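The values are calculated or read from the model by the stated rules, or taken from the named source; none is laboratory data. Note that the structure is a prediction, hence the values are computed from the model and not measured. Cβ atoms come from the backbone with ideal geometry, glycine included; neighbour counts cover every protein chain shown.
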Amino acid sequence: MSSGGRRQISAAATAYRRATRRLRGHLDEIDAGLEIFIAMLRQGESVGEVLLGTDASSSRKEFARAMADFESARHRLRVAVLQLGQEQGESIAELARALGISRQLAYRLLAEAE
């Protein structure tokens, strides 16, 4: 296994892990906000009052950025795994199956990386 390929996968996996943690943090914040939202609605507050009392717009934007970072990191990891696997003579179909993606997507990711 090439050491460059290992380093590339390690870096991509580290970035993916970081993005996963960031996304999880945003999901936890959304969950906590929804708990408050539900409680306020049950207390008879109007939807408008509840939304104005929260920072839903800013939270949504931050979540969207975290989700985009997550998707980008996942993409880079998939490409790194596919490239190294291909370099090692692994079957693209088997790699795709192991990654839980279609063979067509695996080939497309490899083509994009070239």
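Numerical summary
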| read-out | value |
| --- | --- |
| Test: Ala12 is modelled with pLDDT of 95 or more, in contact with an Asp or Glu (Cβ under 7 Å, 6 or more places away or on another chain) and surrounded by 14 or more Cβ atoms within 10 Å (Cβ to Cβ) | no |
| Single condition Ser10 does not satisfy, out of (1) assigned to a helix (DSSP H, G or I); (2) more than 30 Å from Leu84 (Cβ to Cβ) | (2) |
| Among the residues listed as Gly5, Gly44, Gly48, the single one being surrounded by fewer than 11 Cβ atoms within 10 Å (Cβ to Cβ), of a type in the set (Gly, Ala, Ser) and more than 27 Å from Lys61 (Cβ to Cβ) | Gly44 |
| Criterion: without any contact (Cβ under 8 Å) to a residue 60 or more places away in the chain, part of a loop (DSSP other than H, G, I, E, B) and more than 28 Å from Arg103 (Cα to Cα) - qualifying residue of Gly48, Gly44 | Gly44 |
| Neighbours by Cβ (under 6 Å, 6+ apart or cross-chain): first from region 56-73, at pLDDT 85 or above; second part of a helix (DSSP H, G or I) and of a type in the set (D, E, K, R) | Ala66/Arg22 |
| Condition check for Ala19: closer than 28 Å to Leu109 by Cα, in contact (Cβ under 8 Å) with a residue 60 or more places away in the chain and surrounded by 13 or more Cβ atoms within 10 Å (Cβ to Cβ) | no |
| The listed residue being over 30 Å from Ser3 (Cα atoms) and assigned to a helix (DSSP H, G or I), out of Gly85, Gly33 | Gly33 |
| Condition broken by Tyr107, with the remaining ones in (1) over 18 Å from the mean Cα position of the chain (by Cα); (2) exposed (fewer than 14 other Cβ atoms within 10 Å of the Cβ) satisfied | (2) |
